[in-house]
1. Taking 25 Å as R0, compute the FRET efficiency from the Cβ-Cβ separation of THR205 and ARG56 and round it to 0.05.
2. What spacing in nm lies between the two simple spin-label points modelled at ILE340 and LEU289, each 7 Å away from Cα in the Cβ direction?
3. Would you mind putting 294-301, 196-203 in packing order, based on average other-beta-carbon counts within 10 Å, highest first?
4. Within a 10 angstrom radius of the beta carbon, how do THR245, THR233, THR82 rank from fewest other beta carbons to most?
5. Modelling each spin label as a point 7 Å along the Cα-to-Cβ direction, I'd like the ASP130/GLN364 distance in nm, to one decimal.
6. Kindly identify the range 286-397 as rounded, prolate or oblate by the Cα gyration tensor criterion: order the square roots of the eigenvalues as a ≥ b ≥ c, call it rounded if a/c is under 1.5, otherwise compare a/b with b/c, prolate if a/b is larger, else oblate.
7. Using the Cβ atoms and a cut-off under 11 Å, what net charge is assigned to the surroundings of ILE391, where Lys and Arg are +1 and Asp and Glu are -1?
8. Please give the FRET efficiency for ARG99 paired with TRP310, using the beta carbon to beta carbon distance and R0 = 56 Å, rounded to the nearest 0.05.
Amino acid sequence: MLAYIIRRIWLFFPTLIVISLAIFWLYVNAPYDPAEDELKQEEGEVTFMDRVGYEREYDRIRRKFDLDIPSFYISLNSLSETDTLYKIRGKKYRQTLSRLSYRCGDWTRVAEYKSNLEALEGDLYRMSVDSLTRKPLALLKDHVRDLKKYHDYENLSAVIGKIEERVTLDSAVMGLTPRHESLSTSFENMRSTGAWWNNYIPKLTWNGRNNRYHNWMGGFIFFDFGDSYRGGTVNSYFKGKFQPTLTLSLISLVITFVLSIFLGVISAMYKGRWPDYMISGILFVLYSLPSFWVAIVLVFYFANPNYLHWFPTYGLGDDYNLSWWQAPFLNWNHYILPLICWTYGGLAILTRQVRRSMVQTLNQDFIRTAKAKGLSVWRVAFKHALRNSLIPIITIFGSALPLLIAGSIVLEEIFTIGGMGQLLYRSVAGNPDFPVVFTIIMLMAFVTMLSYLIVDLLYVWADPRVKLTKKQ
C-alpha cells in the first residue's frame, strides 16, 4: 500500500508538467496584451515625449509580466521568422510582422521594412504640431497605424502610395520624403524576395532558464502565483476567497452524501412500493430544475423584503474574524439558501446511484445468507449491503473534490458570495485576468490528481478484493 501511494505521488510530477504545458500554451496564446489594455494610448495629438513615455511604461509592464523574455526553454521557428519576435511592442503588430515574414520568406528584409516604418513613425511624432502640420500629420499617423495592421501586399502598397501623395503634395510635411523613399524601397525589396522555401526549414533555438514557463512554474511550486493583470498579486486575490467556497462545498458534500446514502438505501429496501416511488418522484423533479433558476426563485421569495424576507439577500455574513468552522453556526441564516442550491442537484444524482447499486447488492447470495442467519433487515442493509455498494458512490465523491477549489460560478454570483467561483467568473468577464484564471485551473488539476489517489484508497477500504499492487 505504501509503495503504491509513493508511486502515485511520484507520477503527480510528470502529469502536472503535462497539464501545466497545456495550460501555459493557452496562457501564452491568449488574445490579450495587458500592457496595451492598461495604457490605452489615446489617438490624436500625441507629442514625441508622450510617445517615449508610453513606450517606457509599456516596456515596464511587459517586464513585470515576463513578456519581454522567451516563452519556453526552446523555440522552434522557421528560417523565415526571427526567434526574438516577442521583444516587439504590440501583439497585433507582432502578428502582422509574423505574417509578413511568412509571405516574404526572409526576416532580414522584413526587419529592414520594420526599421524604416518605425523611423518614419518616430519622425512624425517629433515634428511640431501647428495649424499647417496638424491635419497632414494626423493623416500620416493614421496611415502608419494601417501599415502596422496590414500584412497583404496590396493594402500595404495602397497605403504607401497615399503617404507618397501626402508628403509630395503637402509642403508642411515634405521633409519626410527621404523617410518615405526608404520605406518604399524596403517594401519593394520585401515584396520581390519571395523566398517561400524558408517557411519549411525549421530552426531550433535554446533560450536557457530565463523564460516565462520556468519562472511561472517555479513560482507556482512555491505558491507564488505571480502578478495579476488588474494590479496586485494573484495571491492577494485568493486571500479570503478559499474559505467561503471551501466551507460551502464541504458542508454541501457532507449533506449530499449522508442524505443520498440514507434515501438510496430506503428506496432500495422498499423497491416498487410507495416510499420508493415518492423518493424517486421528488428527486426526479429536483433534478429537472436548473440550479440558477432555483437560486433566483429562493432569493426572490425568501430573501425579498416584499415577501417573506426570512434570509439575508447576499453574502455569508459581515464578521470576517470568524473561523471557517464558526461562521456556519453563527451566520447560519446566510448559508441556508446557498446550501439548498449547492446540494439538491447532487443529491438527486447520487441517491439514484445508491439505489441502483443497493438493488444489485441486495440480490446477491451473501445477502441471502446474512438474512438466513436471522440478522435484521436494516442490519443487513447498512452493515453488509451498503459497504459493497460504495464503489460508484466513491467514484462520484472523487469527481466532486475539485469543486472544493472551483466552487460554483453561477451560484456564487447570484448569492454574492466572494468565493473562488465568483473570482473565476469576474476574472474572465470584461478584461480577462489570465494569471488568476490559469492559476485556478492549475490548482483544480492538482486537486483532481489528488482525488484520484483518495478514490483508489477508498476502493480498497470499501472492497478488500481490490488490490493496488501489481500482484493480484
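Read the figures in this text as sums done on the coordinates, not as results from a lab. Every value quoted in this text rests on a predicted model; they were computed, and no experiment measured them. Neighbour counts are summed over all protein chains in view; Cβ atoms, including those assigned to glycine, are modelled from backbone coordinates with ideal geometry.
1. Details: r = 28 Å, r/R0 = 1.11.
FRET efficiency, THR205 to ARG56: 0.35.
2. Those two pseudo-labels are separated by 0.7 nm.
3. Numbers: 294-301: 16.0, 196-203: 12.8.
So the order, starting with the most tightly packed, is 294-301, 196-203.
4. Numbers: THR245 24, THR233 14, THR82 19.
By the 10 Å Cβ count, ascending: THR233, THR82, THR245.
5. Distance between label points: 9.6 nm.
6. Working: a/c = 3.35, a/b = 2.35, b/c = 1.42.
Judged from the Cα gyration tensor, the range 286-397 comes out prolate (a/c at least 1.5, a/b above b/c).
7. Numbers: positive: ARG387, ARG465; negative: ASP463.
In short, +1.
8. On the way: r = 61 Å, r/R0 = 1.09.
Efficiency, rounded to the nearest 0.05: 0.35.
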